[in-house]
1. So which residues in the stretch 63-96 are of a type in the set (S, T, Y) and open to solvent by less than 50 Å² (accessible area, probe 1.4 Å), if there are any at all?
2. Can you say whether R86 is closer than 22 Å to T20 by Cα and basic (K, R), as far as the supplied structure shows?
3. Going residue by residue through the stretch 130-150, is there one that turns out to be under 17 Å from the mean Cα position of the chain (by Cα) and either outside any strand (DSSP E or B) or modelled with pLDDT under 95 (or both)?
4. Taking the stretch 18-51 only, how many residues are in a loop (DSSP other than H, G, I, E, B), open to solvent by 50 Å² or more (accessible area, probe 1.4 Å) and farther than 18 Å from A98 by Cβ?
5. Mind listing whichever residues of the stretch 97-144 are open to solvent by less than 40 Å² (accessible area, probe 1.4 Å), within 20 Å of E87 (Cα to Cα) and not basic (K, R)?
6. All but one of (1) modelled with pLDDT under 95; (2) in contact with a Ser or Thr (Cβ under 9 Å, 6 or more places away or on another chain); (3) not aromatic (F, W, Y) hold for P73, so report the exception by its number.
Amino acid sequence: MPAGSNQEDDMPEYVSVGVTDAQSLPPDTWTTVDWPKEYADSAHHHWNRGGPSLVHGPARYSLTANVRIKGLPAGTELQARAIERRESDGKIEAGPIAEYVASEGDTFVHYALPADTVKDGSRVRFQVIHYGTQTAQITGGSAKVLIWEQ
């Protein structure tokens, strides 16, 4: 570490949240995942405890989200993405989309966004969509976020 640098400046904030209750996942609809269980959030990024927000801007962040989905036939296509939702008007800016295919039994989605930024006045959330014909259920999951406030 260079002389005169402050190690605390390099330490990110940490958010860890989880899914505790089943959430409906209708077909052809981007569904924002709620995170009712809070394991860690010392800087209060999960501002609406139990809700969908994971990070508030301005910040740089790294996100890993996992959800367990029940009720999808094998072969059903799914997608997941992070979104940035503006607090002032609710406008959404979508992040990178990852694609998945349902397997026999429950389907597990693992979404990783190694690095991104969120603007001032916006919050990061996580969404899933499937292209089947019946409503499925998100029955579990977790999200971990490292945050460098700007």
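1. Filtering the stretch 63-96 for residues of a type in the set (S, T, Y) gives 64, 76, 88.
T64, T76 - these are the residues of the stretch 63-96 that are of a type in the set (S, T, Y) and open to solvent by less than 50 Å² (accessible area, probe 1.4 Å).
2. Working: closer than 22 Å to T20 by Cα: no; basic (K, R): yes.
Taking the combined requirement at face value, the residue does not satisfy it.
3. Initial filter on the stretch 130-150 (under 17 Å from the mean Cα position of the chain (by Cα)): 130, 137-148.
Narrowing the set further to residues that are either outside any strand (DSSP E or B) or modelled with pLDDT under 95 (or both) leaves none.
No, the stretch 130-150 contains no residue that is under 17 Å from the mean Cα position of the chain (by Cα) and either outside any strand (DSSP E or B) or modelled with pLDDT under 95 (or both).
4. Summing the residues that are in a loop (DSSP other than H, G, I, E, B), open to solvent by 50 Å² or more (accessible area, probe 1.4 Å) and farther than 18 Å from A98 by Cβ in the stretch 18-51 gives 9.
5. Passing the criteria: V118, G121, S122, V124, F126, Q127.
6. The one condition P73 does not meet is (1).
The values are calculated or read from the model by the stated rules, or taken from the named source; none is laboratory data. The model shown is predicted, which means the values in this text are computed figures rather than measured ones. Ideal geometry is used to build each Cβ from the backbone, glycine not excepted, and the neighbour counts take in all protein chains shown. Each accessible area value is taken on the protein alone, full model and side chains, heavy atoms only, with ligands, DNA and RNA left out. Shrake-Rupley method; radii C 1.70, N 1.55, O 1.52, S 1.80 Å.
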